[in-house]
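Below: one structure, written as structure tokens.
Any read-out appearing in this document is the output of simple, stated calculations on the displayed coordinates, not a laboratory observation. What you see is a predicted model; the values in this text were computed from it and never measured. All Cβ positions, glycine included, derive from the backbone under ideal geometry; neighbour counts span all protein chains shown.
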Amino acid sequence: MKKTVISVIGKDTVGITARVSAKCAEYNVNIIDITQSVLQDMFVMVMLTDIAALNCKFKDFSEAMDSLGHELNLEIRVMHEDIFNSMHRI
Amino acid sequence: MINLNDILETINMIRQENLDIRTITMGISLLDCADSDIDVSCQKVYDKIVRLAGNLVKVGEDIEAEYGIPIINKRISVTPIAMLVAVSGGDPVKYAHALQRAADTVGVNFIGGYSALVQKGFSAGDIELIRSIPRALNETTNICSSVNIGSTKAGINMDAVKLMGEIVKKSAELTADRDSIGPAKLVVFCNAPEDNPFMAGAFHGMGEPDCVIHVGVSGPGVVYAALKKCDGDLGAVAETIKRTAFKITRVGQLVGSEAARRLGVPFGIVDLSLAPTPAVGDSVARILEEIGLGVCGTHGTTAALAMLNDAVKKGGVMACNSVGGLSGAFIPVSEDEGMIAAARSGDLKIEKLEAMTAVCSVGLDMVVIPGDTPSEVISAIIADEAAIGMVNSKTTAVRVIPAIGKKAGEELNFGGLLGEGPIMDVNLTASPKKFIDRGGRIPAPMQSLKN
């Protein structure tokens, strides 16, 4: 398992989860968990994914998510799980 | 799964509060490059740097992409070049050009180490290197220079202090057509750390391994944002800074150890520093003002800075395996939006900055002074700073930029991370020339006798 956090922040519209999930499937990324919330009028979705079977370079996947974000007018980030673990857990 | 709020906190730090890793710096020993023929020596220097650091920038960019954290600078520090000059002789500026070529090839934005350590006296190569600094900084763009002129153990080499006043001035004169940028890349140290990842003072010390990775963190914006939500007493303020510094430093530890692993070299230290940038929201001065000062530079500034500096260390020290470098809050005037504003309004003066340097991590940093400031006054400024460092067993440094052809109130603009700044007034009412001209050495203080 190689866990990665995909975060989506922006204005809520129809089909965000579907579009992001479809993109994950396209790149062979397995979704382990999804959490959604609304924060100060902003839609926030956090996906925990496993990219062990990713079918391209990490950078290409990350850029694909970034451009999907531009298309949907959202901020989509792909970040390795370790940065959150190291910052918030001792 | 990791807590949603924790994830959002981290993401917010990066997207809104300017959290970044300021630098990954590879330290490289050049001792095995020394040759009695300077051209052979320069070629070996170039080859070794390119061999070891060829992947540095790529690895930095990969980590940046995978962890989603900006890594602003990828840099290199090398053995003080004066030691190579001692063996090879010849024109030291040849080394500066070799380093510049290496910097261009591997794509780093600075190489530090055009340096000499002369706290107790000059040995072979030292004087030649120091005299060549103005030319080296004029003829290269990405090379940084530093000279250590004092230490708690050795005292202060006042001959070197006198010389450095002249060198700073000369360096500014040679680069007068480029906003006097020469001395912005030149640091005069007392108690220089040997594992400092930050420029312009980075060099690779004698006790370091052949090759090592150091990391410098940043994050004034994150501390500022955390303090905005804190309305408790000063104990609560210190606690908030500690908690925030812990989180920032953990990211530094993660990035540093990952970079070292991928490059196949040992991981050295994390430098726990609050390094500001000229960007709004990334200022140490604004933190001090958030703590409760009307403006940075007013009475109370030294006390607030002392607390900030201490809390950053306490928070960071548990977050990483090994702490080193300068570790504390930086107060570079032209690189800090709040400091620039306070200097412009006249609230922040050199005398107050000097007091602040007694409790922060470096010294009089990126201070622009009038171009007609005599070299002996620059030397005296260096001596004052060195004395503070020597007596308090801490690093102090001077990086002042005489703005050639300009007077107090006018401004210089260096661009990029070096920022911009108003020319600050220097007290010229009476001359310290006799004191500086005496030369010799200020003996090491009682504090040095610890054995």
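Could you compute the net charge surrounding residue B:33? Neighbours are other residues with a C-beta less than 13 Å from the C-beta of residue B:33; K and R count +1, D and E count -1. Neighbour charge sum, excluding residue B:33 itself: -2. Between the listed residues B:377, B:225, B:160, the Cα displaced farthest toward the positive end of the dipole of chain B, a dipole computed from Cβ unit charges relative to the Cα centre, is found at B:160. Within 10 Å of the Cβ of each residue in B:8-16, the mean number of Cβ atoms contributed by other protein chains is 4. Pair-distance distribution of the protein assembly as shown: all C-alpha pairs, bin width 10 Å, starting at 0; shares per bin in whole percent are 4, 18, 27, 25, 15, 7, 2, 0.
Peptide A:74-86 has a mean shielding of 6, counted as Cβ atoms of other protein chains within 10 Å of each residue's Cβ.
On the beta carbon distance between residue B:131 and residue B:280, with R0 = 41 Å, the FRET formula returns roughly 0.50. Using 0.36 nm per residue and subtracting the Cα-Cα separation, the extra length available between residue B:243 and residue B:372 on full extension is 41.9 nm.
In this structure, the pairs whose alpha-carbon distance is over 22 Å, taken from B:313/B:394; B:228/B:349; B:153/B:394, are B:228/B:349. How much length is gained on full extension from residue A:60 to residue A:85, taking 0.36 nm per residue of separation minus their Cα-Cα distance? Taking 0.36 nm per residue and subtracting the Cα distance, the gain is 6.6 nm.
Simple spin-label estimate for residue A:38 and residue B:233 gives 4.2 nm between the two label positions (7 Å along the Cα-to-Cβ direction from each Cα). In this simple spin-label approximation, residue B:87 and residue B:153 carry label points 7 Å from Cα along the Cα→Cβ vector, and these lie 2.3 nm apart.
A straight Cα-to-Cα reach below 20 Å connects residue A:2 with the lysines A:23, A:57, A:59, residues fewer than 8 places away in its own chain not being considered.
Partner shielding of B:58-71 amounts to 3, given as the average count of beta-carbon atoms from other chains within 10 Å of each residue beta-carbon. Each Lys or Arg adds one and each Asp or Glu takes one away; over the other residues whose Cβ falls under 15 Å from the Cβ of residue A:41, this sums to -1. Candidate membrane-span-like segments in chain B, meaning DSSP H helices with Cα atoms spread over at least 15 Å of their own axis and a Kyte-Doolittle mean of 0.5 or above, are B:375-391, with no membrane implied.
Ranked by the mean number of other Cβ atoms within 10 Å of their residues, highest first, the peptides B:26-36, A:27-37, B:193-203 fall in the order B:193-203, B:26-36, A:27-37. Set the Förster distance to 51 Å, then compute FRET efficiency between residue A:70 and residue B:437 from the Cβ-Cβ distance, nearest 0.05. Between residue A:70 and residue B:437 the formula returns 0.20. Given +1 at the Cβ of Lys and Arg, -1 at the Cβ of Asp and Glu and no other charges, the dipole of the stretch A:3-88 around its Cα centre is 80 debye to the nearest 20.
Summing Cβ point charges (Lys, Arg +1; Asp, Glu -1) relative to the Cα centre of the stretch B:235-278 gives a dipole of roughly 140 debye. Each Lys or Arg adds one and each Asp or Glu takes one away; over the other residues whose Cβ falls under 9 Å from the Cβ of residue B:200, this sums to +2.
If R0 equals 45 Å, the separation of the Cβ atoms of residue B:3 and residue B:351 corresponds to a calculated FRET efficiency of about 0.40.
From helices alone, the protein assembly as shown scores -13500 deg cm²/dmol at 222 nm; the rule is -39500 (n - 2.57) for each run of n ≥ 4 DSSP H residues, then divide by the residue total.
Can you give the % of DSSP beta bridges in the protein assembly as shown that are antiparallel, to the nearest 5? Restricted to the protein assembly as shown, the bridges split so that about 55 percent are antiparallel.
Residues of chain B were split at every exposed loop site, defined as trypsin sites (Lys or Arg not before Pro) in a DSSP loop with at most 10 other C-beta atoms within 10 angstrom, and the longest piece left, sites excluded, is B:1-228. The shape of the stretch A:17-90 can be summarised by an equivalent ellipsoid whose semi-axes, obtained from the alpha carbon gyration tensor, come to 19, 18, 12 Å from longest to shortest.
Distance between the pseudo-spin-label points of residue B:295 and residue B:318 (7 Å out from Cα toward the beta carbon): 3.9 nm.
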